[in-house]
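Structure first, then comments.
The values are calculated or read from the model by the stated rules, or taken from the named source; none is laboratory data. Just so it is clear, the model here is predicted, and its values are computed rather than measured. Neighbour counts run over all protein chains shown; Cβ positions are idealised from the backbone, glycine included. The area values use the complete protein model at the heavy-atom level, side chains included, leaving out ligands, DNA and RNA. Shrake-Rupley method; radii C 1.70, N 1.55, O 1.52, S 1.80 Å.
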Amino acid sequence: MRGSASVLRLTTANPRIAAGIVALTAIAILIGGAFAGLIVEGAREISGPLSAFDSYLFRVMRFTLWQALLSTALSVVPAIFVARALSRHPSFPGRSLILRLFAVPLALPAIVAALGVLALYGRAGYFADVFSAVAGQNWPGIYGLSGILVAHVFFNLPLATRLFLEALDTVPADQWRLASQLGMGARPAFRLIEWPALRASLPGVAGLVFMLCITSFTIVLTLGGGPRATTLEVAIYQSLRFDFDPARAVALTLLQIALTVAVVFALMRLGANITSDANLPVAPRRYVSASKPETTFNTVLLIIALLFVAGPMLATVIAGLDADLVRLAGETAVRQATTTSIVLATLSALLSAALALSLVMARRALALRRGSGRKTLLESVVDTGASLVLVVPPIVIGAGWFVLLRHFGDVFAVAPVMVVTVNAVMAMPFAIRAVRPAHDAASERHERLCAQLGIGGWNRLRLVEWPVLRRPLMTAFAFAMALSLGDLGVIALFGSDAVQTLPYLLLARMGSYRTDDAAGLALLLGLLCLALMMLADRLGKGFLPR
C-alpha cells in the first residue's frame, strides 16, 4: 500500500513520470500477457509440455546452439582481420564506401537477404553452373545449414567488423607514434598494440553475434530446408501454424526463453551492448606504414569481404529487375499488402516513438527528483529495463499471445494489433537511443528556466522540447518503421489471407515457387526499408554506423 501511494504521489505531481509509468505498464502487459498465455496453457495439462521434451526437441536445441556457434565463429574471426585491414589503411581507396556498404545489412529485412543468397548460391542461382562444374555434379543448392551460415555471416560479418574497428580506433595515437618511431612491423604491432584492444572487445562482440544467431527466425525459416535444420523459434512457429500442438509450442518457448536469458546474462557480464550500437568515432591519426606484402594481403582480404557482402545485395537487385514489376504493381494482393505494411509500420513507429519519449522523460524527471541520492527501483526500471525487452524474441511474445487468445476467439483477427504492438516494443530500445541524448541535453539547458517561468506540461513540450526533439523523434520514427516493415516474426504467426504484409506475401510467393514474383517483392521491400534507414541516418547525423 505504501509503495502504491508513493507511485500515486509521483504520478500526480509530475506528468512526465506518469507518462513513463503508463509506457512501462503497456510494455508489461504485452510481455506479461505472453507469459500468462504460456503459463495458463502449461498449467491446463502439465503432462503435455513435459511430454514434448523428447528427442526431437533436444535435437532442435542442439542445432540451434550449433548453428549459432558456427555462425559466430565464421563471422567474428574474419571480421577481426577485415577490421584490422581497414584500420591499418585509413586512406584505402573506397574505404568509406566499404564502411557504408557494411551498414546496409542493418537495413535489409532478413527475408530479402535470404532471397539474395538463394539468387547467388541456390540450385538455380547465378553461381550454380560454376559450382556444378567444380563439384562434377549438379549443384544441390544451399538449403540447410550451409545456407543459414552464409546468410548469418552476411549479416554479422559487417556488424562485427565495425565493432572491432571501433575498438581499434580507441588505441591512443601515442602508441601508434611510438610504434612508428621504433619501426615496429605488422606482427609485433598486432601482438602488442592491436590484439589487446581486439581481445577486450572480442567476448562482447562474439556474444552479441551469438545472441543474434540464436534468435534468428526468418533466415532459418526460409533457408533451413526441413526438420534437420530447424531452430527453436522456427519449431515454435511450425508447432502452432502447421501441427497446432500448443503443448509442444509451450515447451519450445520456455526452452527458447531459458537459452536467451542465459545468453543475455552472459552478455551483461561481458559488458556487451545488446542494442548493437556501432557508431564509429572519427579515426585518430595513425602512424602506420604497411609493407607491400601486407598491403597486398589486406587489399585481397578487403576485396573478398566487399564481394561477399555486396553479392547478395546485387543479386537481389538483378533478380528483382528481372521480375515483371509492372504486373506485380498492378496486382490487388500486392497493393493491399503494401498498403497494410505501410499502415501497420507507421502505427508501430508512432507507438515506438511515443513509448521511447515517455520513458526518456520519466527517467530524466526521476533523476532530477533524486538529485545526488541513490536510484529508486522505478528509475532503474525506466532507465535500463526497457532494453531488456530484447531478451524476449518477437516470436516468443507472439506464441504466448497466440495460445492465450485462441481461448477467446479468432486469433487471426488481432493480427494488426499484435504486429503493431510487438514491433513497436522491439524497436523501442533503439528509439530511446536516438531520443535520449537530445532530450537530456535540452533538459540540462532549460530545466531551471522552465521552473522559474512555471512552464510545464503541454506548453513545455510544445515550446521548449519539441523544437529540439523533432529531429531525433523523426530519426526514431524512420528507424522503427523500417524495422517493422521488414519484420516477419509476428505476422508469420498471425497472418492470414485477410491480413498480409509484404514480407508475408513474399514468403507465400516463395512457398508457392513463384520465385520471380518473390524477387520483385524483395526488391520493393528492400528499397523501402533502405530509404527509411537512410532517412533515419540523415536525420540522426550518425545514428547508424558509418
Legend entry - Cβ-placed point charges (K, R +1; D, E -1), dipole of region 343-424 about Cα centre in debye, nearest 20: 460
Legend entry - Rounded D (µm²/s) - region 315-407, Kirkwood Rh over Cα pairs, Stokes-Einstein at 10 °C, 1.306 mPa s: 89
Legend entry - Dipole of the chain, positive end: most advanced residue of A73, F265, A329 [Cβ charges, Cα centre]: F265
Inset, instruction - Would you calculate a helix-derived [θ] at 222 nm for the chain, using -39,500 (n - 2.57) for each DSSP H run of n ≥ 4 and dividing by the full residue count, to the nearest 500? - result: -25000 deg cm²/dmol
Inset, instruction - Skip the ligands, DNA and RNA, and give the accessible area per residue of the chain with a 1.4 Å probe, whole Å². - result: 45
Legend entry - Accessible-area composition of the chain, carbon plus sulfur, in percent [1.4 Å probe]: 65
Inset, instruction - Note down the Stokes-Einstein diffusion coefficient of the chain in µm²/s, whole number, using a Kirkwood radius over alpha carbon pairs, 37 °C, and 0.692 mPa s. - result: 131
Inset, instruction - Grab the beta carbon distance between A73 and Q181, set R0 = 35 Å, and tell me the FRET efficiency rounded to 0.05. - result: 0.40
